[in-house]
Amino acid sequence: MKDLDRTILSDTTDTLHDIHNRLVHMSEGLVGIGIAATGEHGHSGLGSAVYVMGIALDDISTRLESVTDQLRETNQ
């Protein structure tokens, strides 16, 4: 692999890792808000929706982390 290719791949991997970290923080925040908004009786539609959005973001961030790890392995 050429040096330029390795540099581009490394920069891309770093960017994907940053995006992953931000998604993790967003996911954790949404899950927390969803739990708080759902309340003690668990009947808030909005709270449940926010919670599900947080779980979906967590899934996306996990998949992105997997791709990032594969790119790192390729670049070595």
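Out of all Cα-Cα pairs in region 3-72, roughly what percent, to the nearest whole number, are more than 21 Å apart?
Everything past 21 Å amounts to 40 percent.
Only Cα pairs within less than 10 Å get springs; with that Gaussian network setup on the chain, which residue of GLY54, GLY45, GLY32 has the largest fluctuation?
Top of the fluctuation ranking is GLY45.
Mind pulling the angle between the C-alpha long axis of helix 3-38 and the longest principal axis of the chain? Nearest 10 degrees, somewhere in 0 to 90.
10 degrees
In degrees between 0 and 90, to the nearest 10, how far off the longest principal axis of the chain does helix 45-75 point, with axes built from Cα atoms?
Helix 45-75 and the main axis of the chain meet at about 10 degrees.
Quick note: the coordinates plus some simple rules give every number you see, no bench work behind them. Bear in mind the structure is a predicted one, so any value in this text is a computation, not a measurement.
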